[in-house]
Amino acid sequence: MIAYLVRRLLYAVPILLGVNLLTFFLFFVVNSPDDMARLQLGERRVTAEAIEKWKADHGYDRPLLWNAGAHGAAALTETIFYQNTSRLFRFDFGQSDSGRDIGYDIRQRMWPSLAIAVPVLLVELLLAVTLALVVAFFRGSYLDTWAVVICVAMMSISGLFYIIGGQYLVGKLLRLVPISGYDHGLAALKFIVLPVIVSVVGGLGGEVRWYRAIFLEEMSKDYVRTARAKGLTERGVLFGHVLRNGLIPILTGVVVLLPLLFLGSLITETFFAIPGLGSYTVDAIREQDFAIVRTMVFLGSVLYIVGLLMTDVSYTLADPRVRLE
Amino acid sequence: MTLFGVRFVFLATDVLLWLLAAIVAAYAWHAGRQEHLRAPWREVAKRPLGMAGAVVLAAYAAVALLDSVHFFPRVESGGKAALAAEAVSAFDVLVMPLKTHVEATYSAPLASYAYEKESVDLPGGGIAREYPRLRYGGAGLGDPAREHRRDVLRRSTIGFAAGLAAEAGIACLVIVAIARRRRSSVGAAARLVATGGAGLPWRAMLGVGAALCAFAGIAAALGPHYHVFGTDKIGTDVLYQTLKSVRTGLVIGTLTTVVTLPLAFALGIAAGYFRGWVDDAIQYLYTTLSSIPGVLLIAAAALVLQVHMAKHADQFGSLAARADLRLLALCVILGITGWTGLCRLLRGEAMKLREVEFVDAARALGVRHGAILARHLAPNVMHIVMISVVLDFSGLVLAEAALTYINIGVDPSMESWGNMINSARLELAREPVVWWPLAAAFCFMFALVLAANLFADSVRDAFDPRLRRDIG
């Protein structure tokens, strides 16, 4: 398995290179460094010297991909692409276009993101699996039909409505918790409750329906019939066999998301003014800070690749029949 | 192009939307003549919920298509006929009162007084702070306090009745058509429709149709005299806004697919069929793309595009054309970031199919690769394509709202549900609460997405029950 993991990690290098090439094309070829400088320094009344200085400060004064003026390997290394990529691969994120240390910002902001994302994941998983199991237990009845209809209806409502509705109902009408904001330490709790509830409710419809399908699929298998034929109670079948086997695809589906929890949710964090990485990204988009967006794209793909790797490993742990080679 | 004295303009998305409608019509005509294509659709047609969804979708599609015919109308100014400065759509012409009845600012649904107090000159001199009458909402009323409720009730009852009458007419046509087709009496056909034995689930379809007609009737009866969903900050009728948003939502939901399909289809089948270095290259491509979290890639691409368009603003003709191109670009971006999932599915299916005996036989007989791909592989993966197209639609409509909210969606000047929700945040904080734009966007969006979801479920179940697990 070690050999497999090493090989998969090596595979990640060309993929990350591809990701970088793509973002590089988007950010440096479609918009030249001169444009970026002008954007940051203000469109008017900007001198050529000021642009040159800004570019030199940010290391954008080199050629893009190929330095014709340099010799040997330096033709490749003395370029914006090489400098940028090698820095990212060392997880040295440098400065944002407005001059802040991106690495420091990320380390500060990942905790609020996690404070929202982790409870959401846990509560949602527990609630959705429980509900799906209940619905699957009553399969074919009116309860089942109506549960599916409600699930589809819940899926059809945009997440924005859940957020706005939740803020209005809980925050403004009932005045139970603040509408938005964040605090440090335990005081953060009252700010976390509402985003967590809203996110869980928003995702519940789709999850319950999906998990129900997984459980029903499992229930139609031969071993379940055998267990029933041998006189096991329906409850015994459900908890002893269906739940345990149904959880394999559910949990492995969750594992790939685990690393991405760091990034938080763009929409939720912005609405609730949580100073996490999600709102960090949205702010960067609004301020057109290319350096931050580029970093987040890179970070996102690194975490996704880690997630895929963890999924593979979790398969071997959950299902002894799977061997990684 | 000038026709009937008006000059037509063709926005990029207009042309593509109509082209798509033509393709769908051609496919329907083709599928109707081929038994193997007709069979799964007949399964779809048996499901009441799915067909009810289809009726709603058809109504939305009609609005969107009408809204995609733009032209400069002829206006009379000073006795001389000239072309108007601003292009309108065929749908605008249909609902002209909604477009032209612009108030000063917010007003509640069906209100005849404004939302805020204003300084009004009293007839006998002096100034008072009071709620002024609206310019158009309830303008025909002498004394709103007394007549308002009765007038609204009267008009909506008439509209409701007219809507139901129209639906009853449609129902009669359907029953007569069934009677003629089955060579039975009209009464027998009516019984068949009522009990659900007439092939299609007419009861559900006519029921949904009745709801739509009743709503349309009420809106048509009240629309010219009141603001059914109130007005927004700059006084535009909210009903008009949300109806215009239908087109934006449908464009995103459908045109994105137009970008996705060729990419996913060609690359997926090629990777699965040819294997070797072709497979490696295509796999590398889609793994790279899909390893970037979707929103971030869309954000990056949209951000770059926005800056690019702002810098080269002179290259895009009018503001409307620019907003339209931005919408199209958003579809392209969503398409380019969204083809990987379908591509992976198609690659897997093609890999299975290339080992099947009839493909082996074709290869042994010396059929060229291109012909094998087109004649043997492509038709056999069509069900996956169909399922993924309908399943993606509702997600894309929802994505538009979310993306517009974080400033990377459609142009702020374009009517869209995302923009309506976006401004609703501040409106909810007002006192008294301005809830109607949000409510209108919610109702119209919910109806569309729910209909699409129900229809998609039917299509998925009918085309391939085994796929339920894979696509989720």
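Using a 1.4 angstrom probe with every protein chain in place, what is the largest-first accessible-area order of B:Met414, A:Met36?
Working: B:Met414 25, A:Met36 5 Å².
Heavy-atom accessible area, descending, gives B:Met414, A:Met36.
Tell me: how much accessible area in total is hidden between A and B, 1.4 Å probe, Å², nearest 100?
Details: alone 18510 and 24640 Å², together 39130 Å².
Roughly 4000 Å² of accessible surface disappears when A and B pair.
Can you pull out the trypsin sites (Lys or Arg not before Pro) in the range B:279-370 whose DSSP state is coil and whose Cβ has at most 13 other Cβ atoms within 10 Å? Each step should come with its number before you reach the end.
Working: sites: B:Lys311, B:Arg322, B:Arg326, B:Arg344, B:Arg347, B:Lys352, B:Arg354, B:Arg363, B:Arg368; in loops: B:Arg354, B:Arg368.
Listed in order of number, the matching sites are B:Arg368.
Give me the lysines in straight-line cross-link reach of A:Lys55: C-alpha distance below 28 Å, same-chain residues under 8 apart excluded.
B:Lys311
Quick one: accessible area per residue over the protein assembly as shown, 1.4 Å probe, rounded to a whole number of Å²? Intermediate values should be presented prior to the final figure.
Values: 39130 Å² over 797 residues.
About 49 Å² of surface per residue is accessible.
I'm a student and want to see the number: the projected area of the Cα convex hull of the range B:36-178, averaged over all directions, in nm².
Numbers: hull surface 63.7 nm².
Mean orientational projected area (the range B:36-178, Cα hull): 15.9 nm².
Over the range A:110-318, what relative contact order in percent results from Cα pairs under 8 Å that are six or more residues apart?
Details: 219 pairs, mean separation 59.2, N = 209.
That works out to 28 percent.
In chain A, which whole DSSP H runs stretch at least 18 Å along their own axis (Cα) and average 0.0 or higher on the Kyte-Doolittle scale? Kindly include the intermediate steps, with their values, before the conclusion.
Working: long enough: A:2-24 (33 Å, 1.60); A:102-137 (50 Å, 1.56); A:142-155 (20 Å, 1.74); A:189-219 (41 Å, 1.08); A:290-318 (41 Å, 1.62).
Result, helices passing both filters: A:2-24, A:102-137, A:142-155, A:189-219, A:290-318.
How large is the accessible surface of B:Asp143 in square angstrom, using a 1.4 angstrom probe and rounding to the nearest 10?
Taking all protein chains as shown, B:Asp143 has close to 60 Å².
Can you list the residues of the range B:406-422 that have at least 50 square angstrom less accessible area with all protein chains present than in their chain by itself, probe 1.4 Å?
Buried-area filter returns B:Ile406, B:Ile421.
At 222 nm, what helix-only mean residue ellipticity would the protein assembly as shown give, in deg cm²/dmol to the nearest 500, using -39500 (n - 2.57) for each DSSP H run of four or more?
Working: 34 runs with 536 residues, N = 797.
Helix contribution divided over all residues of the protein assembly as shown: -22000 deg cm²/dmol.
Using DSSP loop states and a limit of at most 15 other Cβ atoms within 10 Å to flag chymotrypsin sites (Phe, Trp or Tyr not before Pro), what is the longest stretch of chain B containing no flagged site? Walk me through the numbers on the way to the answer.
Details: sites that count: B:Phe4, B:Phe10, B:Phe316.
Looking at chain B, B:11-315 is the longest stretch - no exposed chymotrypsin sites (Phe, Trp or Tyr not before Pro) with at most 15 other Cβ atoms within 10 Å.
From the protein chains alone at 1.4 Å, what is the descending order of accessible area for A:Arg321, B:Arg275, B:Arg154, A:Arg90, largest first?
Details: A:Arg321 200, B:Arg275 85, B:Arg154 125, A:Arg90 160 Å².
The ranking, largest first, comes out as A:Arg321, A:Arg90, B:Arg154, B:Arg275.
Calculate, in whole percent, how much of the Cα-Cα pair population of chain B lies beyond 39 Å. Please list the in-between numbers first.
Values: 38669 of 111156 pairs.
Looking at chain B, the distances longer than 39 Å represent 35 percent of pairs.
How many angstrom lie between the Cα centre of the range B:188-210 and the Cα centre of the range A:88-132?
53
Largest first, how would B:Cys172, B:Cys343 line up by accessible area (1.4 Å probe)? Before the final figure, lay out each step's value.
Values: B:Cys172 80, B:Cys343 0 Å².
Reading off the accessible areas and sorting them downward yields B:Cys172, B:Cys343.
Sort out for me the Cα centre separation of the range B:81-115 from the range A:147-218, rounded to whole Å.
37
Considering only C-alpha atoms, what is the centroid distance from the range B:265-279 to the range B:413-449, in Å?
45
Among residues other than A:Thr23 whose Cβ falls under 15 Å from its Cβ, what is the net charge (Lys/Arg +1, Asp/Glu -1)? Please report the intermediate quantities before stating the final value.
On the way: positive: A:Arg87, A:Arg294; negative: A:Asp97, A:Asp289.
Neighbour charge sum, excluding A:Thr23 itself: 0.
With charges set only on the Cβ (+1 for Lys and Arg, -1 for Asp and Glu), what does the dipole of the protein assembly as shown come to about its Cα centre, in debye to the nearest 20?
The calculation lands at about 2380 debye.
Quick one: dipole size for chain A, taken about the Cα centre, charges +1 on Lys/Arg Cβ and -1 on Asp/Glu Cβ, in debye to the nearest 20.
Values: 29 positive and 27 negative charges, 209 e Å.
Here the size comes out at about 1000 debye.
Run the numbers on the range A:139-162: which residues show a drop of 20 Å² or more in accessible area, chain on its own versus all protein chains together, using a 1.4 Å probe over heavy atoms?
Those are A:Val152, A:Ala153, A:Met155, A:Ser156, A:Ile157, A:Ser158, A:Leu160, A:Phe161, which lose 20 Å² or more relative to the chain on its own.
If you take the Cα atoms of chain A, find Rg, then find the Kirkwood Rh from the mean of 1/r over all pairs, what is Rg/Rh?
Details: Rg = 25.0 Å, Rh = 23.3 Å.
Taking Rg over the Kirkwood Rh, I get 1.07.
Along each principal axis of its Cα atoms, how long is the protein assembly as shown end to end? Whole angstroms, biggest number first, please.
Largest to smallest, the principal-axis extents are 87, 79, 62 Å.
If you roll a 1.4 Å probe over chain B with all protein chains in place, what percent of the accessible area is carbon or sulfur? Each step should come with its number before you reach the end.
Values: 14680 of 22630 Å².
Answer for chain B is 65 percent, counting heavy atoms of protein chains only.
Can you compute the charge dipole magnitude of the range B:332-387 about its Cα centre, using +1 on each Lys and Arg Cβ and -1 on each Asp and Glu Cβ, nothing else charged? Give it in debye, rounded to the nearest 20.
On the way: 7 positive and 4 negative charges, 27 e Å.
Computed about the Cα centre, the dipole is about 140 debye.
Counting alpha carbon pairs within less than 8 Å and at least 6 residues apart, what relative contact order, in whole percent, applies to chain B? Spell out each step's value before the answer.
Working: 622 pairs, mean separation 94.7, N = 472.
It comes to 20 percent, rounded to a whole number.
Once neighbouring chains are kept in place and the probe is 1.4 Å, which whole percent of the accessible area of the range A:70-160 is contributed by carbon and sulfur?
On the way: 3300 of 4740 Å².
Roughly 69 percent of what the probe reaches on the range A:70-160 is carbon or sulfur.
Could I have the simple spin-label model distance between A:Lys53 and B:Ala22, label points 7 Å from Cα toward Cβ, reported in nm to one decimal?
5.9
If the viscosity is 1.002 mPa s and the temperature 20 °C, what Stokes-Einstein diffusion coefficient in µm²/s follows for the range B:277-348 when Rh is the Kirkwood radius over Cα pairs?
On the way: Rh = 13.8 Å.
Answer from the Stokes-Einstein relation: 155 µm²/s.
Between A:Val118 and B:Glu431, take the C-beta separation as r, use R0 = 35 Å, and let me know the FRET efficiency to the nearest 0.05.
0.45
Over the range B:169-327, what per residue volume does the convex hull of the Cα atoms give, in whole Å³? Walk me through the numbers on the way to the answer.
On the way: hull volume 39.8 nm³, N = 159.
Here the figure is 251 Å³ per residue.
The values are calculated or read from the model by the stated rules, or taken from the named source; none is laboratory data. Keep in mind the model is a prediction, meaning the values are calculated, not measured. Please note: Cβ atoms are built from the backbone with ideal geometry, for glycine as well, and neighbour counts cover all protein chains shown. Areas reflect the complete protein model, heavy atoms only, side chains present, ligands, DNA and RNA absent. Shrake-Rupley method; radii C 1.70, N 1.55, O 1.52, S 1.80 Å.
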